[in-house]
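Contents: one structure, followed by commentary.
The values are calculated or read from the model by the stated rules, or taken from the named source; none is laboratory data. Since we're looking at a predicted model, the values are computed, not measured. Ligands, DNA and RNA are excluded from the accessible area calculation, which covers all protein heavy atoms including side chains. Shrake-Rupley method; radii C 1.70, N 1.55, O 1.52, S 1.80 Å.
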Amino acid sequence: MLFSFITGNRNITFSGCFTQLYLFGFLVTTETCLLSVMSYDRYLAICQPLHYHLYMNKEVRISLAIGSWVGGISIIMTAMLQLKYCGPNEIDHYFCDSVPLKELSCSDTYLVEHANLILLFIYTMPPFLITLASYIYIIIAILRIPSTTGRKKAFSTCSSHLTVVSIYYGSLITVYLLPPSTSINKVCSLLYTILPPFVNPLIYSLRNKDVKKALRRVKNKIAIFNLVQNIILLYSYY
């Protein structure tokens, strides 16, 4: 993408396109696994706080992280390679995704579409169900908390992750499970490929007390600077 911006050359080789397709699938799959791991972590923290450190120790965390990456690496993209590409060579998309690539094929894509749908369910449905089940239990546990302050505090611990999950899965479902629409697919593709990595540092770091203190210090410095600047302007005016 950076090369394209600098040179204006938007060409990509056949092998480069499918490498990009694989890396995209690998990272999307890893992301779904990591989100499900994080939802399970929130479930333990809210629903079983006394057993949290027992169930989520260092070894378990490392195993879950490695498992998420291994699950992404194991994704299979061979179905798209079986198609013949003899039509137009312009991809109506921001990157090499399976949906726009099928539009370039002159083969029958019926079997490939069903194969991709099966792979989508295999690699994304189990993590999605884990995430969904975790939040069902979390919501039930939060509603049982008697005090309003306690409910707000419990919900705030998972609000950041829930925001990312909603954006990610909402756009993913729109692209792959709803009827195809080029313009909608492009926008939703940006939502689950660019927006989560872009907002993750902001969403998660704003939960950190040190980051909040640093932001308050910066805000105070800006306020003092503006005050001094206004005093200087008033003094120079008179």
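Taking θ as phi - 60° and the Karplus parameters 6.51, -1.76 and 1.60, the scalar couplings of segment 59-74 work out to 5, 5, 4, 5, 5, 5, 5, 5, x, 5, 5, 5, x, x, 5, 6 Hz in sequence order, x denoting glycine and proline.
Computed over segment 11-116, the convex hull of the alpha-carbon atoms projects to a mean area of 8.5 nm².
The angle separating the long axis of helix 110-143 from the principal Cα axis of greatest extent in the chain is about 20 degrees.
Ellipsoid semi-axes for the chain, based on the Cα gyration tensor and the rule √(5λ), read 40, 30, 16 Å when sorted largest first. The Cα trace of segment 51-192 gives Rg and Dmax of 19.8, 65 Å, the first to one decimal, the second as a whole number. On a 0 to 90 degree scale, rounded to 10, what angle separates helix 209-237 from the longest Cα axis of the chain? It works out to around 60 degrees. Determine how large the accessible area of residue 130 is when every protein chain is in place; take a 1.4 Å probe and give Å² rounded to the nearest 10. Its accessible surface works out to 80 Å², give or take rounding.
Solvent-accessible area of residue 61, all protein chains in place: 110 Å² (probe radius 1.4 Å, heavy atoms, ligands and nucleic acids excluded). For a straight C-alpha distance cut-off of 29 angstrom, the lysines reachable from residue 221 (same-chain residues fewer than eight places away being disregarded) are 209, 212, 213.
Entry note, the chain: the mean residue ellipticity at 222 nm calculated from DSSP H runs of n ≥ 4, each adding -39500 (n - 2.57), is -26000 deg cm²/dmol after division by the residues and rounding to the nearest 500. Within the full protein context, the accessible area of residue 97 is estimated at about 0 Å² for a probe radius of 1.4 Å. Compared with the dominant Cα axis of the chain, that is its longest principal axis, helix 14-47 is turned about 40°. For residue 102, a cut-off of 20 angstrom between C-alpha atoms picks up these lysines, skipping any fewer than 8 places away in its own chain: 84, 186.
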